[in-house]
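In what follows, a single structure is set out as structure tokens and then discussed.
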Amino acid sequence: MKRSTKILRLTLALLAGVSLLVFGCTKKETPRAVMQESLAVSQIDLPELKKKLQRNDGKLTVVNFWATWCDPCKEEMPYLVRLRNEYRDSLELLLVGIDDVALIDSVMKPILKNAGVNFSCYIKQEGNDEDFINGINPEWSGALPATFIYNAKGEQMDMLISEQTFEKFQQAVRACLRK
Amino acid sequence: MKKFLLFLLLVSVTAFAGDMKTLKSGEKAPSFALKNYDGKEVKLENSLKENKYTVLMWVSTQCPVSNAYNERMVKLSNTYASKGVAFIGVNSNKEEKSPDIEKHSKDNKFKFPVVKDEKNKVADLYGAMVTPEIFVLDPKGTIVYHGRIDDNKAEKEAKTHDLATALDALLAGKKIENAETKAFGCSVKRVAAE
């Protein structure tokens, strides 16, 4: 083989190797914090909800009960979404609708989407409302909106009734994180 | 010693200042005198003296759940008026003023007064949290039933007619089986704490 051909082959091989290194092997890592999420609404009963409160990641769970007929619920929802985004490492947010399941696609999802919700949400399964209310907290009257904060063991740490500002939500979460 | 007792008193007052407990069956109902939308004063003690039972209903002009019960409130109040039961609506919502309450009452043909509870003072005394919410009082001012009107805001879907059942039991001199009930509704819109 001529020397010049050898040099050319070597150069091409080197270039190919460098190209592979720069463009081929580099994978974009999706940050763990940003995962593919999409809006979904599924039915949930009280035992299933309570199971979700037991966490092994040390995070708080913020559970918000709302309804499509409840204007203050809709007004505070963007604050809860913002809370979830800003405290992603410290808490999980569960939005639980108190509505007819027939309204999921036509009414619930548009409201959730409008509030910036792009994650899994829930709707209370049809059943005894009074038992559900008392099962969450016997001191809860059933008034909406209602927000409950739980520690990672599933112990209820705070109950917020009526519409809240972002600052009030933040204050409550921070107080729970300090405990 | 005096200073210590004063300190204890201060601590106990501040400890309970932020807590609001909802009154339950068996507890004494606080007295009040509030104005109806026509300007006339409605005194609870007068209603207790003049009637066998008094039904206090926390209501709203804007809450879809409270409004779903408008017809039922009218039917119940009309039915039980002749049996010695008085109904008084109470509106504690900060944004709902007397003119709104008057229009709402007239549009829905309420024959019972709907008093305006300014700055939710009476709501705080009762611990009323939701609309609609019912407190039934006996002539001594003791709460004998507390909670919902029935178990479904859609009238045709209601299976238990709790308020009517309670009133029937009371008027018959019988014990109420479920003296405490609950249902989802709108939170009472309170003024911000000062």
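Quick look at the values:
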| item | result |
| --- | --- |
| Accessible surface, region A:34-120, averaged per residue in Å² (probe 1.4 Å) | 49 |
| Protein-protein interface of region A:47-82, residues with accessible area decrease of at least 20 Å², isolated chain reference, 1.4 Å probe | A:69, A:72 |
| Summed residue charge, Cβ within 15 Å of residue B:51's Cβ, Lys/Arg positive, Asp/Glu negative | +3 |
| Prolate/oblate/rounded label for region B:135-190 (Cα gyration tensor, a/c 1.5) | oblate |
| Beta bridges by DSSP in the protein assembly as shown, antiparallel share as percent, to the nearest 5 | 50 |
| Cα long-axis angle, helix B:162-171 against chain B (0 to 90 degrees, to the nearest 10) | 90 |
| Carbon plus sulfur fraction of accessible area for the protein assembly as shown, probe 1.4 Å, in percent | 54 |
| Amide N proximity, region B:109-130 versus residue B:97 label position 7 Å along Cα-to-Cβ, cut-off under 20 Å | B:114-121 |
| Tensor-based shape of region A:75-179 (alpha-carbon gyration tensor, a/c under 1.5 rounded, otherwise prolate or oblate) | oblate |
| 222 nm mean residue ellipticity, helices alone, for chain B (DSSP H n ≥ 4; -39,500 (n - 2.57); rounded to 500) | -10000 deg cm²/dmol |
| Estimated buried accessible area (total), pair B and A, 1.4 Å, Å² to nearest 100 | 1500 |
| Net +/- balance of residues flanking residue A:169 in space, Cβ distance below 11 Å, scoring K and R +1, D and E -1 | -1 |
| Buried on assembly, region B:165-192 (at least 50 Å² less accessible surface than by itself, 1.4 Å probe) | B:182, B:184, B:187 |
| Threshold 20 Å² - residues in region A:135-170 whose accessible area is reduced by that much or more when the chain is no longer isolated, probe 1.4 Å | A:139, A:141, A:142, A:143, A:144, A:161, A:162 |
| Simple spin-label estimate for residue A:88 and residue B:38 in nanometres, 7 Å along Cα-Cβ | 6.1 |
| Net +/- balance of residues flanking residue B:111 in space, Cβ distance below 15 Å, scoring K and R +1, D and E -1 | +2 |
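The values are calculated or read from the model by the stated rules, or taken from the named source; none is laboratory data. On a predicted model such as this, the values are computed, not experimentally measured, just so you know. As a convention, Cβ positions derive from the backbone with ideal geometry for all residues, glycine included, and neighbour counts pool all protein chains shown. In case anyone asks, the SASA skips ligands and DNA or RNA and just uses the protein heavy atoms, side chains included. Shrake-Rupley method; radii C 1.70, N 1.55, O 1.52, S 1.80 Å.
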